[in-house]
Amino acid sequence: MIAGLDGLVNLTMSALWGSLIVFFRVAAAMAVLPGLGEQMLSVRIKLVLAIGLTSVVAPAVLPEISLPEPSFGNFVAALMTETLAGLFIGLMLRLFILAIQIAGSIAAQSTSLAQIFGSQGLDPLPAIGHILTLSALALLMATGFHVKAAAYIVLSYDLLAPLQFPDPVAVADAGRQRIAHCFTLGFSLAAPFVIMSVLYNLTLGVINKAMPQLMVAFVGSPVITFGSVAMLLLCSPIILSVWLAAVEAFLANPLR
């Protein structure tokens, strides 16, 4: 009876020790994940979400991890290595939110709407940026992002080996590629607004050249404002669908 009880205690302690190591990576990723790690969520909610996500990820990855003996030194090593790995994989997804924010900022600057409701919320974004960002987060969560996030963290153990410091060269190369893709995606999403702005300014210049006595600013300001709102109404579904497709493509193959 005593031997059976000791075995149960050892098994429980081993499961708790392994779950703690997985929790380090999950909690670090949770701090920056889109939707689940937003600043508008309280720390308590993030902690509960991290524990719940750990309970999903741990059974899938613990059989593949060679757990070290529980000790203070191994605890510190696991805390450092897994936290760095979690922050890295979380930031790779966070860059997609930055891409949609960049698109909103470019669109607002192109259409002279950057100062309208410009500092509402936690992130100092113009109105178009807030609309696109919140819509993107809502769309992402509506498509079952919590399940995809759990699968992404499980796959991250193939990308970054557990209990080892990430390779700085590989991390720098992956970060450079993701950041370049982030800016490319952001500019591509804002392309309709940039094209409209170029056409608007060219038309305004021709009118001003043909009729110097006409105050083109009084005519052009309402036109560009109405045009940008109409463009947002027409293009936002396409912009969000393209953005969501890019996120899902990355989640399907984060190793590429």
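Might you check whether a residue that is charged (D, E, K, R), at pLDDT below 90, part of a helix (DSSP H, G or I) and within 16 Å of Ala27 (Cα to Cα) occurs anywhere in region 46-64? There is at least one residue in region 46-64 that is charged (D, E, K, R), at pLDDT below 90, part of a helix (DSSP H, G or I) and within 16 Å of Ala27 (Cα to Cα). Please work out if Pro70 is farther than 30 Å from Ala136 by Cα, in contact (Cβ under 8 Å) with a residue 24 or more places away in the chain and not aliphatic (A, V, I, L, M). Spelling it out, Pro70 is indeed farther than 30 Å from Ala136 by Cα, in contact (Cβ under 8 Å) with a residue 24 or more places away in the chain and not aliphatic (A, V, I, L, M). Gly220 - would you say it is part of a helix (DSSP H, G or I), of a type outside the set (A, V, I, L, M) and modelled with pLDDT of 80 or more? Against the criterion (part of a helix (DSSP H, G or I), of a type outside the set (A, V, I, L, M) and modelled with pLDDT of 80 or more), Gly220 does not qualify.
Applying a threshold of 6 Å to beta carbon distances and a minimum spacing of six or more residues, or different chains, the list of pairs starting in region 25-47 at a residue that is buried (at least 16 other Cβ atoms within 10 Å of the Cβ) and ending at one that is aromatic (Phe, Trp, Tyr) reads Gly35/Phe145.
If I filter region 166-179 for residues that are assigned to a helix (DSSP H, G or I), touching a Cys at 6+ places or on another chain (Cβ under 7 Å) and either over 30 Å from Pro68 (Cα atoms) or acidic (Asp, Glu) (or both), do I get at least one hit? No, the conditions are met nowhere in region 166-179. Here is a check on your reading of the model: is Phe193 surrounded by 15 or more Cβ atoms within 10 Å (Cβ to Cβ), among the aromatic types (Phe, Trp, Tyr) and part of a helix (DSSP H, G or I)? The answer is yes for Phe193. Of the residues making up region 126-163, those that are part of a helix (DSSP H, G or I), in contact (Cβ under 8 Å) with a residue 40 or more places away in the chain and among the hydroxyl-bearing types (Ser, Thr, Tyr) number 4.
The values are calculated or read from the model by the stated rules, or taken from the named source; none is laboratory data. In this text the structure is predicted, and so the values were computed from the model without any measurement. Positions of Cβ are generated from backbone atoms using ideal geometry, with glycine treated the same way; all protein chains shown enter the neighbour counts.
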